[in-house]
Amino acid sequence: MQNTKNPLIFVVIDNTIYNSLIVEFLKSARFKNIRSFQSGDECVNYTKEIPDIVITSYNMEGMNGLDIMKKIKGEHSFVEFFFLSSQKDIATAVEIVKHGAFDYIVKDEKALKKLYTSMNRAIKTASYIKIRKGYKIGVIGFFIVLIIIILVILSLAIFFPDDFSFQLGTIPLLY
C-alpha cells in the first residue's frame, strides 16, 4: 500500500445495492478516495489510477474476484485485497489468501465492521513497514557518511603525513 493517509479504494461488486452500501459505509468511516465498479473487467480496464485497496466479491459474472486480484497484483504487488463473499467454503478462502488477499470476509450482519477493522489493520501494517524502511535508510545513510568521513581523514593522513603526525612531546597533558 503506497498511500496510508488517504488510500485509493476500489469497490468491485456486481450487486448495485451492496456496492452502494459499501461505498456509503466507507464514506461514513471517513474514507474519501473511493472508486466504484460493477464488474471485474471495468475495474481492470480502468487505468487512470492504481488502487491501494480493492474490495471485491469472489463470484461475479465475467472476471471473478480472484482473477481481478491476480491481474492487479501481477502488476502492482503492494495493492491490498479484501474479499466480501457469501461463500462460506474454507477451501476458497484459503486459496484466496494464499494468492495474496489480506482478508476474506463472509457476508453477514457484522461484515462491514470486520471489513473496517481489517482495513485499519492493513493500513497500520503498511504504515509501520514504511516507518521501518525509513529508519533503515536513515541508519544506512548514517554509516555511509561515517565511512566517507573516515576515508577522507585516512586519505588526508596518507597524502599529507606531516600535517597529521603526532608527537608525544607536543601534546599538552592535563594532570
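The values are calculated or read from the model by the stated rules, or taken from the named source; none is laboratory data. Note that the coordinates shown come from a computational prediction; the quantities given were computed from them, not determined experimentally. As a convention, Cβ positions derive from the backbone with ideal geometry for all residues, glycine included, and neighbour counts pool all protein chains shown. Ligands, DNA and RNA are excluded from the accessible area calculation, which covers all protein heavy atoms including side chains. Shrake-Rupley method; radii C 1.70, N 1.55, O 1.52, S 1.80 Å.
Return the residue satisfying two criteria in turn: it lies in segment 38-62 and is hydrophobic (A, V, I, L, M, F, W, C) and open to solvent by 10 Å² or more (accessible area, probe 1.4 Å), and of such residues it is modelled with the highest pLDDT.
The extreme case among them is Ile50.
Search segment 79-105 for residues being open to solvent by less than 50 Å² (accessible area, probe 1.4 Å), among the hydrophobic types (A, V, I, L, M, F, W, C) and assigned to a loop (DSSP other than H, G, I, E, B), and hand back the single one that is nearest to Leu8 (Cα to Cα).
Only one residue tops the list, namely Val79.
Go through the residues of segment 163-174 one by one and say whether even a single one is open to solvent by 100 Å² or more (accessible area, probe 1.4 Å), of a type in the set (A, V, I, L, M, F, W, C) and modelled with pLDDT of 80 or more.
Scanning segment 163-174, I find no residue that is open to solvent by 100 Å² or more (accessible area, probe 1.4 Å), of a type in the set (A, V, I, L, M, F, W, C) and modelled with pLDDT of 80 or more, so the answer is no.
Within segment 116-128, restricting attention to residues that are open to solvent by less than 100 Å² (accessible area, probe 1.4 Å) and free of Cβ contacts under 8 Å to residues at least 60 places away in the same chain, which residue is nearest to the chain's Cα centre (by Cα)?
Per the criteria, the residue is Thr125.
Please go through (1) at pLDDT below 90; (2) open to solvent by less than 80 Å² (accessible area, probe 1.4 Å); (3) not β-branched (Val, Ile, Thr) for Lys136 and return the number of the only condition it doesn't satisfy.
Lys136 satisfies every listed condition except (2).
Please state which one of Thr117, Thr4 is under 23 Å from Tyr128 (Cβ atoms) and part of a helix (DSSP H, G or I).
Matching residue, one of Thr117, Thr4: Thr117.
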